[in-house]
1. Take the conditions surrounded by fewer than 19 Cβ atoms within 10 Å (Cβ to Cβ) and touching a Cys at 6+ places or on another chain (Cβ under 9 Å) and apply them to residue 92. Does it pass?
2. Which condition number does residue 103 fail, the rest of (1) small (Gly, Ala, Ser); (2) in contact (Cβ under 8 Å) with a residue 40 or more places away in the chain; (3) more than 23 Å from residue 39 (Cα to Cα); (4) surrounded by fewer than 19 Cβ atoms within 10 Å (Cβ to Cβ) being met?
3. Filter the stretch 162-190 for residues that are in a helix (DSSP H, G or I) and of a type in the set (Val, Ile, Thr) and give the result.
4. Out of the stretch 1-37, which residues are within 22 Å of residue 147 (Cα to Cα), under 17 Å from the mean Cα position of the chain (by Cα) and either surrounded by fewer than 17 Cβ atoms within 10 Å (Cβ to Cβ) or at pLDDT below 90 (or both)?
5. If a residue has to be assigned to a loop (DSSP other than H, G, I, E, B) and polar (S, T, N, Q) to count, how many in the stretch 74-93 make the cut?
6. Taking the stretch 38-85 as the search range and keeping residues that are in contact (Cβ under 8 Å) with a residue 40 or more places away in the chain and touching a helix residue (DSSP H, G or I) at 6+ places or on another chain (Cβ under 6 Å), which one is surrounded by the fewest Cβ atoms within 10 Å (Cβ to Cβ)?
7. For the stretch 114-151, enumerate the residues that are under 19 Å from the mean Cα position of the chain (by Cα) and either at positive phi or without any contact (Cβ under 8 Å) to a residue 40 or more places away in the chain (or both).
Amino acid sequence: MNNNTTVFSITYDIESFPILEEVSLELTIQATSGDLLDLHGKPLSKKWTPLNLKWFYDDQNLENGLPDIALWRAGEYACSEEILPIIKKITKNSCEFLPLKVGEANWFAIHTLKTVDAIDREQTIFNLRANGKVNRTKKFKKLVLKSDVINEAGLCHVKDAGLHTYCSEAFHSEITNMGIRGLIFNKRQTS
């Protein structure tokens, strides 16, 4: 057992809350202009124009109301205008916040800019195929992360660990203590 600080991967509570999706017109405009917006770590604030989104839900996941942080696209997150100051404070400059319109409400894409090299390659066990190459769909039998690297980043992606978003113990504590709804935190093994 180590005495390092805790690190978490983040997933969305899709069973309890609706997700955000782009309105049809927004997707059509992006497709016809050939400029599909891609949030993969490169700053976009200078060329960003607010996107129009809507809630996608079934009756079950609307029972809890709307979340404070919502999922949109594959693994991207957005926050309400009300909690934006809190999120800005705890992300340690690892994100940019891009304006979105959800009906009449202002929301912001939480665009994670930081990717860190945080896999502890000595303790991680890779899932190898028969030919000796790493399995592409399930890379790890055991993933061990360097807590100091992730805790310094605040909110980040981990190089070679897929599309997951990871966060520091401080980020997790602040979100939990403030009662901010929408995320599920999964404790990760660290060194």
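1. Details: surrounded by fewer than 19 Cβ atoms within 10 Å (Cβ to Cβ): yes; touching a Cys at 6+ places or on another chain (Cβ under 9 Å): no.
The answer is no for residue 92.
2. (3)
3. First, the residues of the stretch 162-190 that are in a helix (DSSP H, G or I): 169-178.
Selection gives 175, 176.
4. Residue satisfying the conditions is 11 alone.
5. Pass one, the stretch 74-93, residues assigned to a loop (DSSP other than H, G, I, E, B): 74-75, 91-93.
Now restrict to residues that are polar (S, T, N, Q): 91, 93.
Qualifying residue count for the region: 2.
6. In this case the residue turns out to be 52.
7. Within the stretch 114-151, 149 is the sole residue that qualifies.
Yes/no per residue for (1) more than 19 Å from residue 9 (Cβ to Cβ); (2) modelled with pLDDT of 95 or more; (3) not aromatic (Phe, Trp, Tyr):
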position: 102; (1), (2), (3): yes, yes, yes
position: 106; (1), (2), (3): yes, yes, yes
position: 124; (1), (2), (3): no, yes, yes
position: 135; (1), (2), (3): no, no, yes
position: 145; (1), (2), (3): no, yes, yes
position: 162; (1), (2), (3): no, no, yes
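The values are calculated or read from the model by the stated rules, or taken from the named source; none is laboratory data. Here the structure is a predicted model, which is why all the values come from computation and not from measurement. We place every Cβ from the backbone using ideal geometry, glycine too, and count neighbours over all the protein chains shown.
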